[in-house]
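Chemist: Before I ask anything, here is the structure I am working with.
The values are calculated or read from the model by the stated rules, or taken from the named source; none is laboratory data. Everything quoted here is computed from the prediction, not taken from an experiment. Please note: Cβ atoms are built from the backbone with ideal geometry, for glycine as well, and neighbour counts cover all protein chains shown.
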Amino acid sequence: MDFVWFHKLGVPRHFYRLALRLSPWFAALAAVLFAAGLWQGLFVAPPDYQQGESYRIMFVHVPSAWMSMFTWVFMAAMAVVVLVWRIKVPESMMRAAAPLGATFTFLALATGSLWGKPMWGTYWQWDARLTSELILLFLYLGFIALQAAIEDRRAAARAGAILALVGLINIPIIHYSVEWWNTLHQGPTVTKFDQPSITWEMGRPLLLMALAFKAYFVAVLLVRTRCDILEAETGSAWVGELATGERTR
Amino acid sequence: MDWGNFFAMGGYAAFVWPSYGIAALLLAINAIVPWRRERALRARLRDRQPGARS
């Protein structure tokens with residue numbers, strides 16, 4: 001079996017070149033999916049029989065909430081690689097994901113709040129789902145602060161990796177909070193194992209928006225990772241070549 | 001189609017549009033900031049190379 005390409009991904013120089021080539025494709029994919037998702041979500045999907053037009057907030061709220069949890073799981077996966085194999089590229093990817101995760105979490109909370117006001121009569125309630133999601137936001141901010149506080153990049157990455165793994169405990173708490181505790185928040189309608197209780201006309205824009213958020217995540221993650229690699233590798237030969245190569249172009 | 005009706009969002013305009021607005025704004029900022037940072041980083045690296053115009 002040929003795993004050379006996989007090993008090459010761990011080399012900052014190779015990863016940088018690959019990321020440079022891939023990010024425009026993911027950005028374009030995200031743009032197309034956002035356009036399709038917004039069209040379907042705002043113009044095609046019918047109003048909800050209970051919530052009227054207000055339910056359209058779902059098309060940004062639910063993908064944000066999913067991505068807020070996905071991003072932390074992604075960081076935890078990178079954390080395992082960082083702690084076990086001590087490779088630099090996953091360190092950069094983990095660091096690059098944190099601001100994105102914080103953004104998704106903030107969006108989930110903000111749009112949820114704007115949805116809660118007309119439906120529940122309140123912007124905020126200290127219930128299990130909302131509180132655990134707020135804790136996730138603090139975890140992201142803590143991770144970002146930790147990276148800024150430790151001078152040595154590699155030491156900062158290891159400390160961050162431990163935080164990413166410890167914080168992972170919050171993810172199942174968020175997911176199951178609506179089942180374990182009485183909460184204002186509704187139970188899952190899409191990620192049920194038997195039959196999702198959502199019609200396809202509403203499910204389709206939701207799926208498109210979720211994929212759009214995912215493609216957006218990959219595109220921005222690649223750019224952020226490149227920045228992190230450039231900062232970490234300043235002064236190395238290949239970065240010098242990259243710079244001079246660009247000069248002569 | 002009736003655009004007035006569309007923007008009214010069945011009376012929920014004050015909740016629906018800010019949701020989409022804040023999402024669009026934050027996602028745009030999150031994409032533009034690192035993109036510009038990489039360009040600035042590469043420009044700085046270029047200037048630091050031997051033979052670069054000062």
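Chemist: How many residues are of a type outside the set (Gly, Ala, Ser) and within 18 Å of the chain's Cα centre (by Cα) if we restrict to the range A:73-88?
Modeler: Of the residues in the range A:73-88, 5 are of a type outside the set (Gly, Ala, Ser) and within 18 Å of the chain's Cα centre (by Cα).
Chemist: Further question on the same structure: Limited to the range A:234-246, what total is found for residues that are part of a loop (DSSP other than H, G, I, E, B) and either within 10 Å of chain B (Cβ to nearest Cβ) or hydrophobic (A, V, I, L, M, F, W, C) (or both)?
Modeler: Residues flagged as part of a loop (DSSP other than H, G, I, E, B) and either within 10 Å of chain B (Cβ to nearest Cβ) or hydrophobic (A, V, I, L, M, F, W, C) (or both) within the range A:234-246 amount to 2.
Chemist: Right, here's the next one. Does A:Phe59 meet the test of being outside any loop (DSSP other than H, G, I, E, B), exposed (fewer than 15 other Cβ atoms within 10 Å of the Cβ), within 9 Å of chain B (Cβ to nearest Cβ) and of a type outside the set (Val, Ile, Thr)?
Modeler: no
Chemist: When only residues in the range A:205-218 that are surrounded by fewer than 22 Cβ atoms within 10 Å (Cβ to Cβ) and under 13 Å from the mean Cα position of the chain (by Cα) count, which is farthest from A:Val89 (Cα to Cα)?
Modeler: Selected residue: A:Ala210.
Chemist: Kindly check whether there is at least one residue in the range A:231-240 that is hydroxyl-bearing (Ser, Thr, Tyr) and surrounded by fewer than 19 Cβ atoms within 10 Å (Cβ to Cβ).
Modeler: Among the residues of the range A:231-240, at least one is hydroxyl-bearing (Ser, Thr, Tyr) and surrounded by fewer than 19 Cβ atoms within 10 Å (Cβ to Cβ), which makes the answer yes.
Chemist: Give the number of residues within the range A:70-125 that are away from chain B (no Cβ under 14 Å) and of a type in the set (Val, Ile, Thr).
Modeler: Residues flagged as away from chain B (no Cβ under 14 Å) and of a type in the set (Val, Ile, Thr) within the range A:70-125 amount to 7.
Chemist: Still on this model: Just checking, does the range A:30-48 include any residue being touching a Gly at 6+ places or on another chain (Cβ under 7 Å) and either on the phi < 0 side of the Ramachandran plot or away from chain B (no Cβ under 12 Å) (or both)?
Modeler: Yes, the range A:30-48 contains at least one residue that is touching a Gly at 6+ places or on another chain (Cβ under 7 Å) and either on the phi < 0 side of the Ramachandran plot or away from chain B (no Cβ under 12 Å) (or both).
Chemist: Among the listed residues A:Ala96, A:Ala45, A:Ala108, identify the single one that is in contact (Cβ under 8 Å) with a residue 12 or more places away in the chain and crowded, with 24+ Cβ neighbours inside 10 Å.
Modeler: Selected residue: A:Ala108, the only one of A:Ala96, A:Ala45, A:Ala108 that is in contact (Cβ under 8 Å) with a residue 12 or more places away in the chain and crowded, with 24+ Cβ neighbours inside 10 Å.
Chemist: Residue check: is A:Gly101 out of contact with any helix residue (DSSP H, G or I) (no Cβ under 9 Å at 6 or more places or on another chain), more than 17 Å from B:Gly21 (Cα to Cα) and either surrounded by fewer than 22 Cβ atoms within 10 Å (Cβ to Cβ) or at pLDDT 95 or above (or both)?
Modeler: no
Chemist: Given the options A:Gln125, A:Gln147, name the one that is of a type in the set (S, T, N, Q), more than 20 Å from A:Arg56 (Cβ to Cβ) and not in a helix (DSSP H, G or I).
Modeler: Exactly one residue qualifies, and that residue is A:Gln125.
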